[in-house]
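Student: Take this structure first; my questions come after.
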Amino acid sequence: MRLLCAPLSSKVNRHQNKTTLPSLLSLPLFSMVDYEEVNPDDGLCAVIGNLSVADMPPKEHQEEEIVVSRRDPTWGNCERIEKAWKHWRSIGEPKFMVAPMVDNSELPFRMLCRKYGANAAYTPMLHSRIFSENEKYRSSEFSTCKEDRPLFVQFCANDPDTLLEAARVVEPYCDYVDINLGCPQRIAKRGYYGAFLMENLPLVKSLVQNLAANLKVPISCKIRIFPSLEDTIAYARMLEEAGCSLLAVHGRTRDEKDGKKFRADWNVIKAVKEAVKIPVLANGNVRHMEDVLNCLEQTGADGVLSAETLLENPALFAGFHTEEWNEKDNDVDGGLDQSDLALEYLDLCQQYPIPWRMIRSHLHKMLGDWFRNQPHVREEFNKQSILTFEWLHDMVTRLRKECSRIPLYVKN
């Protein structure tokens, strides 16, 4: 692969071209990951300005340093909405999207899902403060390539200026900068970000406004719903007015963490879609392609996100589904199985190096059905402290030999 190095500074001037906003919060954010050394294969991945970008030339306006264009604060709402739709159309109006997943929606997995029907993807949630301060975190946690588009880069944050500093680094390499306003996990509560900012709407508004005023790339937000429909609609409209160009709505409340226990409310997503004028994406209750199509029809959403289902079956958007959702009379063996996908994923990981913890996590999810049939292989995998691609290929090959094939199915 030809390497293209960009003179992108790893540090962004804190004072140049920066909107001054009062700091609403100075609470510390907590790191979600253990730093782990990544040793990219020479010639496959370039570390550009301490940001790992594979074969990815920057935009022309980034040749010397990041240039930020301020938007006219008097810019009318109608013009903003028109630009939001123009941008959405310019990236092809993607319908099938890889949702943001911590440690799981990284470049090799995104590329695998794109091969099998996904036409847009989110990065994992990135910690804005650590991303802006720590070169090692930037180079290990974010990578992309020219085929990895359209791309949403997602950050968690509770400080407008810190978020802006992080967003400026990735702006040349994505189609949206996304703010995580939906994470319901305990670590988000400790760090005061994600869905726990729903209690501080002035701060949320300032996060969106600061990005919208200082970036050229559009801003998107991923949210959860309030228990009250009225509050949810007001929240969505506030984000739109603040400068959000796209909303992704997870149809569960902050307290409804268990996706198997709580059904996402597509009616609320539909109400949000009808209440705002910007593109809206739906998230929740997607297990197979029929769900995807039903969600689009019932909510009127402009696209659908999938997370957990893709981890088990990265070929979801190509119409493949697992045996759990098999209809004996209507479905046939699709000629593809999860071990095939696992081997493809490992090849992509060699092409686009990532931390081993991500690879281990994906194989546990992707080969879960196979491991249940051969638990001794899973135990060996768990005990293997040092992983190599040769060892992992051998493990998958053993599973294929010792386990009866578990196909993915398609509609007849």
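The values are calculated or read from the model by the stated rules, or taken from the named source; none is laboratory data. Given the structure is predicted, the values throughout are model-derived calculations rather than measurements. Cβ atoms come from the backbone with ideal geometry, glycine included; neighbour counts cover every protein chain shown.
Student: Is there a residue in segment 246-267 that is in the same structural domain as Met97 (by TED's automatic domain parsing), part of a helix (DSSP H, G or I) and not aromatic (Phe, Trp, Tyr)?
Tutor: Yes, because at least one residue in segment 246-267 is in the same structural domain as Met97 (by TED's automatic domain parsing), part of a helix (DSSP H, G or I) and not aromatic (Phe, Trp, Tyr).
Student: Can you give me the number of residues within segment 322-371 that are touching a Ser or Thr at 6+ places or on another chain (Cβ under 8 Å) and among the hydroxyl-bearing types (Ser, Thr, Tyr)?
Tutor: Number satisfying all stated conditions: 1.
Student: Out of (1) touching a residue at least 24 places away in the same chain (Cβ under 8 Å); (2) out of contact with any His (no Cβ under 8 Å at 6 or more places or on another chain); (3) not in a loop (DSSP other than H, G, I, E, B), the odd one out for Glu379 is which?
Tutor: Unmet condition: (1).
Student: Keeping to segment 287-323, report how many residues are touching a residue at least 24 places away in the same chain (Cβ under 8 Å) and either part of a helix (DSSP H, G or I) or over 20 Å from the mean Cα position of the chain (by Cα) (or both).
Tutor: Qualifying residue count for the region: 19.
Student: For the condition more than 20 Å from Ile359 (Cα to Cα) and not assigned by TED's automatic domain parsing to the domain that holds Glu344, what is the one hit in Arg138, Arg110, Arg89?
Tutor: Criteria check complete, one pass: Arg89.
Student: On to the next question. Being charged (D, E, K, R) and in contact with a Pro (Cβ under 6 Å, 6 or more places away or on another chain) is the filter here, so list the residues in segment 210-265 that pass it.
Tutor: Arg254, Lys257
Each row is one residue, and each column tells you yes or no for (1) surrounded by fewer than 23 Cβ atoms within 10 Å (Cβ to Cβ); (2) of a type in the set (Gly, Ala, Ser); (3) touching a helix residue (DSSP H, G or I) at 6+ places or on another chain (Cβ under 6 Å).
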residue: Val249; (1), (2), (3): no, no, yes
residue: Asp255; (1), (2), (3): yes, no, no
residue: Phe262; (1), (2), (3): yes, no, no
residue: Arg287; (1), (2), (3): yes, no, yes
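Student: Further question on the same structure: With the requirement that a residue be touching a residue at least 60 places away in the same chain (Cβ under 8 Å) and over 22 Å from the mean Cα position of the chain (by Cα), what does segment 339-376 give you?
Tutor: Scanning segment 339-376 gives a single hit, Ser339.
Student: Quick one: how many residues across segment 378-412 are of a type in the set (Phe, Trp, Tyr) and closer than 17 Å to Glu324 by Cα? Before you say what the answer is, go through the steps one by one.
Tutor: Looking only at segment 378-412, we keep the residues that are of a type in the set (Phe, Trp, Tyr), and these are 381, 389, 391, 409.
Adding the requirement that they be closer than 17 Å to Glu324 by Cα leaves 409.
Going through segment 378-412 one residue at a time, the tally reaches 1.
Student: Is segment 290-307 home to any residue that is modelled with pLDDT of 95 or more, under 21 Å from Leu363 (Cβ atoms) and crowded, with 20+ Cβ neighbours inside 10 Å?
Tutor: yes
Student: Another question about this same structure. Of all the residues that make up segment 200-243, how many are closer than 23 Å to Pro150 by Cα, of a type outside the set (Gly, Ala, Ser) and in a loop (DSSP other than H, G, I, E, B)?
Tutor: 4
Student: Name, by its number, the condition in (1) within 22 Å of Ala120 (Cα to Cα); (2) touching a residue at least 60 places away in the same chain (Cβ under 8 Å) that does not hold for Ala264.
Tutor: For Ala264, the failing item is (2).
Student: From the list Ala167, Ala120, which one is under 29 Å from Leu341 (Cβ atoms), of a type outside the set (Phe, Trp, Tyr) and surrounded by 23 or more Cβ atoms within 10 Å (Cβ to Cβ)?
Tutor: Going through Ala167, Ala120 in turn, just one is under 29 Å from Leu341 (Cβ atoms), of a type outside the set (Phe, Trp, Tyr) and surrounded by 23 or more Cβ atoms within 10 Å (Cβ to Cβ): Ala120.
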